[in-house]
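Worksheet: the structure to be examined is printed underneath.
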Amino acid sequence: MKYDKISGFADEIAEDVDTQFRVLKKLDIRYFEPRGIDGKNIAALTDGEVAALKEKMGRSGVKASSIGSPIGKIRLDEDFEAHFGQFQRVVEIAKRLGARYIRIFSFYPPAKPGPAEGGCGSDGGTRQEWTAKDRGEVLDRLRRMIAYAREQDVVLLHENEKEIYGDTAERCADLMEQLGCGHFQAVFDPANFVQCGQDTKKAYEKLKGYIAYVHIKDALMKDGSVVPAGSGDGNVEHILKSLLDGGYDGYFSLEPHLGSFSGLAALELDDRMQNLPQGGEGTFTLAYQALEEILDRVVM
């Protein structure tokens, strides 16, 4: 049985949306998570560009599973009012594209001098300590955004991105316990947790009641490098099986990040994978096939 709610960040295939949709159709993927559209971030599209994208989506039979927005990827000492205006624009774009979900983040700490300690870094190291004041500011900003999402009837999906407040399972759980509701839920990204030195099984158990969306990405604990799903330390198959056994019927969204993946030749790949197209189409296809192999085992 084919799981039909597979989506992905198609800008990892190519910048231009026509190529993105061609490859999605070739793979029989009917959803995408718009982030980069013809070289522009989804938040920067004009009304005309949004209309053109909507028309191409209709012709290609592709729907938006969620908006891959950049909202929440600013420091706490940067201008939130301007950012909130961008957030409102993203909500408008989401509604025009028929997407109820919007991926967001929970802000970087303010710039501080001196040694870093506290949050995880891109190599699983540390960044800066999160003070009670910083946490309070994160919660206040998110409360305001959630209130607007409730007014507009959209759902904000928090991703556990490296170095933001919600980068560890403990702080993601804090956000969900404080703010979780029908308009604020969790994206579970196994690779991001691995890159923060987190045990993804423990993270899943802590957050499973809040997960509404999953990014399919895996990584190695030893150096944080991203690998195809099932080839790393993200326990992807265990987590997908647990979700599906528990009645999950949401999206699995491919975010391959394999553009610089150099370990392809070392993997035990079948002939389909050995003869993939070069570039973004090839790595996106590899990511899709790795997910399909996991789902074939899990669903069966």
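The values are calculated or read from the model by the stated rules, or taken from the named source; none is laboratory data. Everything numeric here is computed off the predicted structure, so don't read it as measured data. With ideal geometry, Cβ positions are generated from the backbone for all residues, glycine too; neighbour counts draw on all protein chains shown. We work out accessible area using only protein heavy atoms, side chains counted, and drop any ligands, DNA or RNA first. Shrake-Rupley method; radii C 1.70, N 1.55, O 1.52, S 1.80 Å.
Filter region 26-83 down to the residues that are more than 21 Å from the chain's Cα centre (by Cα) and within 21 Å of Phe184 (Cα to Cα) and list them by number.
Leu76, Phe80, Glu81
Does Arg144 fit the bill of being surrounded by fewer than 20 Cβ atoms within 10 Å (Cβ to Cβ), out of contact with any His (no Cβ under 9 Å at 6 or more places or on another chain), touching a residue at least 60 places away in the same chain (Cβ under 8 Å) and over 21 Å from Gly98 (Cα atoms)?
Yes: the conditions hold for Arg144.
Return the residues of region 32-76 that are open to solvent by 50 Å² or more (accessible area, probe 1.4 Å), within 21 Å of Glu159 (Cα to Cα) and not in a strand (DSSP E or B); say none if nothing qualifies.
Residues satisfying the conditions are Ala44, Lys73.
Within region 262-280, is even one residue modelled with pLDDT of 80 or more, basic (Lys, Arg) and part of a helix (DSSP H, G or I)?
No - not one qualifying residue is present in region 262-280.
Answer yes or no as to whether Asp249 is more than 16 Å from the chain's Cα centre (by Cα), more than 22 Å from Leu24 (Cβ to Cβ) and either open to solvent by less than 20 Å² (accessible area, probe 1.4 Å) or not aromatic (Phe, Trp, Tyr) (or both).
no
Six or more apart or on different chains, Cβ under 9 Å: which pairs go from a residue in region 87-109 that's under 17 Å from Ala51 (Cα atoms) to one that's small (Gly, Ala, Ser) and in a strand (DSSP E or B)? Could you list them?
From residues that are under 17 Å from Ala51 (Cα atoms), the pairs are Ala94/Ala64; Leu97/Ala64; Gly98/Ala64; Ala99/Ala64.
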